[in-house]
Amino acid sequence: MDVNEATAAVSQLYPALYRLLHRRRDPRSYRPSPETMAVLQHLADTGPLTVGEAAQHFDRSQGATSELLKRLLERGLVERIEDQRDRRRHLFWLSARGEALWREEQQVLSRAHLQ
């Protein structure tokens, strides 16, 4: 089989393979918004941030960023921790639930179907 034949075979089989192996979601489960995923991604990449640092990164007002982080805190996706260098400041960081959700959302294929 040459490269062109192999390419054609993969192109033909891929849609069926994807339908068979892609991760399906329970329609009743929580589906994070793109905005939520952007915050979780940024926290996963950078580590804990203050509201001001997050606002600067997302180019949003501090008030809007504070409200967003408050909603994620209420959902249990982030946690607020004291800054050890300055106890007047608080940092926001991924909770265990937030990290698990972020990792799950990165998965395209179903591990159960792959096994």
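The values are calculated or read from the model by the stated rules, or taken from the named source; none is laboratory data. Note that the structure is a prediction, hence the values are computed from the model and not measured. Cβ coordinates were reconstructed from backbone atoms using ideal geometry, including for glycine residues, and neighbour counts include every protein chain displayed. The protein model used for the area step is the full one, side chains on, heavy atoms only, and it has no ligands, DNA or RNA in it. Shrake-Rupley method; radii C 1.70, N 1.55, O 1.52, S 1.80 Å.
Remarks
- A Förster radius of 30 Å, combined with the Cβ-Cβ distance separating Arg89 from Ser110, puts the computed FRET efficiency at roughly 0.15.
- Length gained on full extension, Arg23 to Arg97: 24.7 nm, using 0.36 nm per residue less the C-alpha separation.
- Extension gain (nm, one decimal) between Arg31 and Tyr14, 0.36 nm per residue minus Cα-Cα: 3.5 nm
- For the stretch 1-113: rounded, prolate or oblate by the Cα gyration tensor [a/c cutoff 1.5]: prolate
- The share of C-alpha pairs in the stretch 1-52 whose separation exceeds 12 Å stands at 77 percent.
- Gyration tensor (alpha-carbon) shape descriptor, the stretch 58-99, a/c threshold 1.5: oblate
- The stretch 75-115 and the stretch 47-66 have Cα centres spaced 17 Å apart.
- When Arg85, Arg25, Arg19 are compared by accessible surface with a 1.4 Å probe, the order from highest to lowest is Arg85, Arg19, Arg25.
- Compared with the rule-of-thumb size 2.2 N^0.38 Å for a compact globular protein, the stretch 30-70 has a Cα radius of gyration ratio of 1.09.
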